[in-house]
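Data first, discussion second: the structure below is written as structure tokens.
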Amino acid sequence: MTDSNTTPTEPATVAGPAESAALASELFADGVGAQAGPPTTPAAGTGGPAGAHSHGGPAPTGSPAERFTSTDPDDFPVVTGREEEWRFTPMKRVRPLLEGAASDARLSVETDLPDGVELTTVGADDPLLAGLPQPVDRLAALTRVNAGGATVVRVPAEAQLDRPVTLSLRGTGADDVVWGMTVVEVGANAAATVVLDHSGEATYSGGVAVVVGDGAQVELVSVQDWAPGAVHGGQYDAVVGRDATYTQVVVTLGGDLVRLVSNVDYTSTGGTADLSGVYFADETQHQEHRLWVDHSTPNCVSNVVYKGALQGEEAHTVWVGDVRIRPAATGTETYELNRNLVLTDGARADSVPNLEIETGEIVSAGHASATGRFDDEQLFYLCSRGIDAETARRLVVRGFFADVVEKIGVPALADRLMGSIEQRLGALPGLEEQEHPESELQPA
């Protein structure tokens with residue numbers, strides 16, 4: 001165990017300054033412009049950020065400072081699997097998405113909308129899309145082009161919703177690639193929870209953008225409970241306004257391959273982003289979560305906690321966390337944590353935290369990453385109190401995930417997901433079949 005602290009369309013065009021300002025005025029305070037994505041070049045003359053502090057992977061790291069963004073897929077090289085941002089992803093499985101074939105296939109959608117919430121669609125040429133953060137890789141750019149517009153959820157300013165906004169997205173087959181785009185706009189000083197619940201069978205690439213108005217409090221819960229064989233790639237973007245709070249909880253359980261890239265940008269001071277995730281990979285499943293938090297304004301906070309469990313031959317999880325603190329981001333507080341619990345032999349967890357600090361005037365910054373097996377002492381303690389071995393194992397795993405699952409502001413959904421996790425535990429080999437000292441398997 002290791003630990004370290006410290007429908008097909010033309011591409012969208014980028015809005016001009018006046019147009020972007022007009023789009024932002026409904027959500028943000030005067031003087032705050034629309035977020036058009038992160039800078040795409042490193043600090044001048046360095047090939048990287050001046051004075052950056054970076055660790056967590058071999059050079060080149062694919063760090064945020066070197067990140068390129070574009071709405072044109074052709075601006076990105078054809079993916080070979082040797083690129084830093086793709087080296088963990090099984091190319092054979094993701095290739096149907098990367099081929100970028102246009103498709104009219106769609107996921108079926110069921111909605112539950114509280115009073116006051118507007119659900120609409122916009123075309124690919126709508127100015128709203130031009131003002132969103134740009135794609136960070138070829139797949140995300142293909143999604144923006146092929147989605148043919150977006151589904152838009154609008155929550156008005158000052159709204160206090162009486163229940164979550166729920167979009168249940170279900171795949172009905174994996175023969176055709178499905179492209180999709182969802183935008184969530186939450187007005188200033190509103191409070192909303194939005195649930196995206198993915199299920200069924202599909203080959204799907206979806207973009208999600210959440211625009212959090214000044215002083216708003218927004219929770220996005222994304223559940224990947226796909227059927228076996230499903231493939232899901234996606235880019236999730238959050239633009240956090242002044243003194244706003246954005247909470248994102250990602251739960252990945254099903255599918256053959258799931259690869260999600262989550263990004264956070266701040267438009268002004270006082271923003272908070274809390275990114276949490278739970279993933280459970282079974283035999284042959286590949287689950288990959290990449291995060292990028294760009295601290296570019298003063299006095300903002302980010303906290304990242306992702307926990308995963310793996311069981312079965314060739315179960316593979318990947319977590320890559322990138323946090324960049326730019327020179328202007330004084331007063332930043334940030335921490336990222338990744339924990340992985342390996343339940344059987346033959347499973348592999350890759351964990352890569354990266355932290356780049358370009359100013360010394362911060363409150364705190366650090367990260368931690370660890371991967372290991374069951375805590376034998378915990379199991380022995382529970383068994384010594386008369387709890388049978390299988391129940392003890394379930395209690396340990398439930399405790400491992402509980403602090404993240406409890407962040408979901410929808411109790412019925414949290415209970416459902418924890419039940420799914422416990423069902424997966426039933427597929428584990430008996431505790432007595434695993435390698436533990438005999439003394440630790442017998443109650444005292």
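Quick notes on this one:
- Extreme residue, nearest to Asp403 (Cα to Cα), among residues of segment 307-320 that are touching a Ser or Thr at 6+ places or on another chain (Cβ under 7 Å) and in a strand (DSSP E or B): Gly308
- Qualifying residue in segment 357-371 (condition: closer than 29 Å to Glu313 by Cα and surrounded by fewer than 14 Cβ atoms within 10 Å (Cβ to Cβ)): no
- Restricting attention to segment 243-284, the residues being part of a loop (DSSP other than H, G, I, E, B), of a type outside the set (Asp, Glu), over 21 Å from Val405 (Cα atoms) and in contact with a strand residue (DSSP E or B) (Cβ under 9 Å, 6 or more places away or on another chain) number 6.
- Just one of the listed residues (Gly308, Gly312, Gly331) is modelled with pLDDT of 95 or more, more than 25 Å from Arg67 (Cα to Cα) and of a type in the set (Gly, Ala, Ser), and it is Gly308.
- Matching entry among Thr151, Thr182 (being under 18 Å from the mean Cα position of the chain (by Cα) and in a strand (DSSP E or B)): Thr182
- Only one entry in Tyr266, Tyr236 is among the aromatic types (Phe, Trp, Tyr) and over 30 Å from Gly100 (Cα atoms), namely Tyr266.
- Qualifying positions in segment 325-350 - surrounded by fewer than 23 Cβ atoms within 10 Å (Cβ to Cβ), in a strand (DSSP E or B) and not acidic (Asp, Glu): Tyr335, Leu337, Arg339, Leu341, Val342, Arg348
- Number of the exception - Thr272 against (1) closer than 24 Å to Ser205 by Cα; (2) surrounded by fewer than 23 Cβ atoms within 10 Å (Cβ to Cβ): (1)
- Any hit, segment 323-343, residues being small (Gly, Ala, Ser) and under 20 Å from the mean Cα position of the chain (by Cα): no
- Scanning segment 185-214 for residues that are crowded, with 20+ Cβ neighbours inside 10 Å and not in a strand (DSSP E or B) returns Gly187, Ala188, Ala190, Gly213, Asp214.
- Residue ID - modelled with the lowest pLDDT, chosen from residues in segment 61-81 that are in a loop (DSSP other than H, G, I, E, B) and under 15 Å from Gly321 (Cα atoms): Thr61
- Selected residue (criterion: nearest to the chain's Cα centre (by Cα)) from residues of segment 377-391 that are surrounded by fewer than 13 Cβ atoms within 10 Å (Cβ to Cβ) and either among the charged types (D, E, K, R) or not in a loop (DSSP other than H, G, I, E, B) (or both): Thr391
- Among the conditions (1) over 19 Å from Glu118 (Cα atoms); (2) in contact with a helix residue (DSSP H, G or I) (Cβ under 9 Å, 6 or more places away or on another chain); (3) not basic (Lys, Arg), Val195 misses just one, which is (1).
- Residue in segment 294-307 that is buried (at least 24 other Cβ atoms within 10 Å of the Cβ), among the small types (Gly, Ala, Ser), assigned by TED's automatic domain parsing to the domain that holds Ser222 and touching a Phe, Trp or Tyr at 6+ places or on another chain (Cβ under 6 Å) present: no
- All positions within segment 243-266 that are among the β-branched types (Val, Ile, Thr) and within 13 Å of the chain's Cα centre (by Cα): Thr247, Val249, Val250, Val251, Thr252, Val258, Val261, Val264
- A search for C-beta distances below 7 Å between a residue of segment 191-208 that is in the same structural domain as Gln235 (by TED's automatic domain parsing) and any residue that is hydroxyl-bearing (Ser, Thr, Tyr) and outside any strand (DSSP E or B), counting only pairs 6+ apart in sequence or on different chains, returns Ser205/Thr143; Gly206/Thr143; Gly207/Thr143.
- Flag if Leu425 is of a type in the set (A, V, I, L, M), out of contact with any Cys (no Cβ under 9 Å at 6 or more places or on another chain) and under 19 Å from Lys307 (Cα atoms): yes
The values are calculated or read from the model by the stated rules, or taken from the named source; none is laboratory data. Note that this is a predicted model, so its numbers are computed, not measured. Don't worry about glycine lacking a Cβ; one is built from the backbone with ideal geometry, like all the others, and counts go over all protein chains shown.
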